Amino acid sequence: MTDPQVAVAMLGIFIFIILLGFPIAFTLMAMGIIFGYYAYFDADRMWMPYTRALQQDADTFTLIQNYIGGFFNNRVFDLFVNQTYSVMANDVLTAVPLFLFMGYVVERANIVDRLFQTLSVTTRRLPGSMAVAALITCALFATATGIVGAVVTLMGLLAFPAMLKARYDTSLAAGVICAGGTLGILIPPSIMLIVYAATSGVSIVRLYAGALLPGFLLAGMYLVYVVIRAMLQPQLAPKPEKLGDDVTVFQVIWMLLTSFFPLAFLIVAVLGAILFGFATPSEAAAIGALGGLLLAMAYRALTWKRLQESVYLTVKTTAMVCWLFVGSWVFASVFSYLGGEHLVSEFVQGLDLTPLQFLLLAQLIIFLLGWPLEWSEIIIIFVPIFLPLLPMFDIDPLFFGILIALNLQTSFLTPPMAMSAYYLKGIAPPHVRLTQIFAGSLPYVGMVFLAMIILYNVPAIIYYLPQLVYGR
């Protein structure tokens, strides 16, 4: 086999192994080292110390030591060490644990329960008011945490039973929770965009600015859909009886001041500091983590146990992301060294695609990969395969990244592997069927595709804020 053929076999074996359920980070590292050992195998270099010792009539112990050491004198081990150091020293990734910590602290501070109740009262005169409140709460909470599973699970425990109790249609209520919970991987400060920035080399500040309007566009489309659906079919979202009827305007304002605005101010302050250059993403994330702690203290919800849980979950998730980066960079380096990247490039060139056709093909592949894989694995492992092809089609990596962030919403909502649906099913009442959750999620998949079409035809939605703030 030629080296490029070995590279293709390497990629195929990797996909097969992860579909069997092996841990992806360690599979990447193992595959990278095994195939890298073959790629960098150089007998003369590896056993040079042994050859020298043999020529100098060294003692038997030295000869054995140098001979065994020759097996570990392969450059793939140097590559592994260097890539590990590069990941751990990456300034962009420093923001990941800080944003995660902020999210986990907010999640455990009972802020979301209070926020949902407040928004339910505030929006009580709108059609589908509880669904609207749930969507806004999901969007705000998802933005603060960036962890889809945490948002869907918590909102499934708080808002989903409340909507069912108010006789909301099960599918409508489930779709709201599942779709709203995924918005955090698109709306800044998104951890997914940080990971994409570290992978692609695109400025995280410009990515945040570019993702803001598309994020609001998608959230707005969700809200409009819920309101129109509730107006056309009021039996699906009946008005709750006596919800906030005895609450005065001043009480509503006070509820907003004590529940909605503190969390919103924290998110806006963090995001504003990044976008206007007052702080780097890492510095703003540190302020956000401190703000999360102060917010939890203000609500008297910061206990030692909750703090321990937040730290543990932060370390666990950060370690997963970092080792995924290490494994993927080793894998990608070996794949490229064997000629796999050049082979993919030649194959795509041979297809003679237009930029639109290439975008459709890339987004289709990412959409399909979203069924068995998490967004982190797609961004770290497979997106780097597309990035070298972007200049060939004159596609901006920033534009490409925003489309991916939109596309990955569908990976949590599309059957049969819709993770948001499984998160919700795990904590839903027994009578709620998985098919009902799937049915409620599918309209939002259509809205994601519609948003992608809008952005392709009106790219100014992505570029407006970066050009306004940074002038380019």
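Observations on the model:
- Net charge dipole, the chain: roughly 1820 debye, given to the nearest 20, about the Cα centre with Cβ charges of +1 for Lys and Arg and -1 for Asp and Glu.
- Between the stretch 23-58 and the stretch 163-210, the C-alpha centres lie 44 angstrom from each other.
- Once the Cα-Cα distance is subtracted from the 0.36 nm per residue extended length, the residue 368 to residue 38 segment shows a gain of 115.7 nm.
- Taken one residue at a time, the phi angles of the stretch 293-301 give Karplus couplings (6.51, -1.76, 1.60, θ = phi - 60°) of 5, 5, 5, 5, 5, 5, 8, 6, 10 Hz. Gly and Pro are set to x.
- Ellipsoid fit via the Cα gyration tensor, the chain: semi-axes of 46, 25, 21 Å, each the root of five times an eigenvalue, largest first.
- Efficiency of FRET from Cβ geometry, residue 457 and residue 16, R₀ 35 Å, rounded to 0.05: 0.35
- Debye, to nearest 20: dipole size of the stretch 266-363, +1 on Lys, Arg Cβ, -1 on Asp, Glu Cβ: 720
- Maximal additional length on extending the residue 110-residue 165 stretch stands at 17.7 nm, based on 0.36 nm per residue less the C-alpha distance.
- Relative to the longest principal axis of the Cα atoms of the chain, the long axis of helix 129-145 lies at roughly 30 degrees.
- In this structure the chain gives 45 Å² per residue of accessible area when probed at 1.4 Å with all protein chains present.
- Accessible surface of the chain, 1.4 Å probe, proportion on carbon and sulfur as whole %: 68
- Set of aspartates and glutamates near residue 239 by C-alpha distance (under 14 Å), chain-local residues within fewer than 8 positions excluded: 169
- Under Karplus coefficients 6.51, -1.76 and 1.60, residue-wise ³J(HN,Hα) of the stretch 219-236 in Hz, glycine/proline x: 4, x, 5, 4, 5, 4, 4, 5, 5, 5, 4, 5, 6, 6, 10, x, 5, 6
- Angle between the chain longest axis and helix 340-351 axis [Cα atoms, degrees, rounded to 10]: 60
- For the stretch 188-196, 3J(HN,Hα) computed residue by residue from phi via the Karplus equation (6.51, -1.76, 1.60; θ = phi - 60°) reads x, x, 8, 5, 4, 5, 5, 5, 5 Hz, glycine and proline entered as x.
- FRET efficiency, 1/(1 + (r/R0)^6) with R0 41 Å, evaluated for residue 345 and residue 254 via beta carbons: 0.10
- Förster radius 56 Å - calculated FRET efficiency between residue 468 and residue 48 (Cβ-Cβ, nearest 0.05): 0.40
- Sorted from greatest to least, the principal axis extents spanned by the alpha carbons of the stretch 310-449 come out as 53, 37, 23 Å.
- Mean residue ellipticity at 222 nm, helices only, the chain: -24000 deg cm²/dmol; runs of at least 4 DSSP H residues each add -39,500 (n - 2.57), and the sum is divided by the number of residues.
- Dipole of the chain, positive direction: furthest Cα of 445, 415, 431, with charges on the beta-carbon: 431
The values are calculated or read from the model by the stated rules, or taken from the named source; none is laboratory data. As the structure is a computational prediction, the values presented were derived from the model and not from experiment. All Cβ positions, glycine included, derive from the backbone under ideal geometry; neighbour counts span all protein chains shown. Note: accessible area is taken over every heavy atom of the protein model, side chains too, but ligands, DNA and RNA are not part of it. Shrake-Rupley method; radii C 1.70, N 1.55, O 1.52, S 1.80 Å.
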